[in-house]
Amino acid sequence: MAYAWIENNRIFVSKNKPPIENVNILEVPDNTLSFYLTIDNRILKFKTQNELLSAIKIQKQEELLSLEKRRVNEILDKYKYLSLGDLQFYANQNDTEAKALLNWYLAYDNLIWSYIDNDLSAFTSVDELLAVDMKNIEEQTFNQAVQTAPLP
């Protein structure tokens, strides 16, 4: 068993139960080989490596989707479209620029989700996942989408 507690805004971990009173002490079971301590609303909690890995994957996915949204809005603004719905409307009217932009968007979005579903989900190490630069991934994905479906 391991014990963890907060004292003077610091986190302490020990294999021996501390002789402290009036402090909430978190007991971490022996079968938890690897764990990470987090403070949530001033409550000390532990997460196993798998729980932390899942949480970071979600965070990285949200970051990539946010970067995608920003990029799409920049492209729509550049070509003077109000939204993807507006783009779809003009593409349905056989506007060649709108069709090209829509093809680019579909390729880009497909590559983003392919990365999330395949590459991001394959990570098994918290440290490796934390080292991934999502801005770089988004930039590479954008460039690949432009090669697949060029912008007008």
- Neighbourhood net charge (14 Å Cβ-Cβ; Lys/Arg +1, Asp/Glu -1) for Glu128: -1
- Note on the structure: With a Förster distance of 25 angstrom and the Cβ-Cβ distance between Lys69 and Ala122, calculated FRET efficiency to the nearest 0.05 equals 0.55
- Query: Considering only Cα-Cα distances, which of the following residue pairs are longer than 19 Å: Lys60/Lys80; Lys60/Lys99; Lys57/Lys135; Lys60/Lys135?
  - Reply: Lys60/Lys80; Lys60/Lys99
- What FRET efficiency, computed as 1/(1 + (r/R0)^6) with R0 = 30 Å and r the Cβ-Cβ distance, is obtained for Tyr79 and Gln140, rounded to the nearest 0.05? 0.85
- Full-stretch length increase - Asn16, Gln147 - with 0.36 nm per residue and alpha-carbon distance subtracted: 41.2 nm
- Note on the structure: The simple spin-label model distance between Val132 and Asn94, using points 7 Å out along Cα→Cβ, in nm, is 4.3
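Readers should treat all values here as calculations from the given coordinates under stated rules, not as data from a laboratory. None of the values given here were measured: they were computed from a predicted structure. Please note: Cβ atoms are built from the backbone with ideal geometry, for glycine as well, and neighbour counts cover all protein chains shown.
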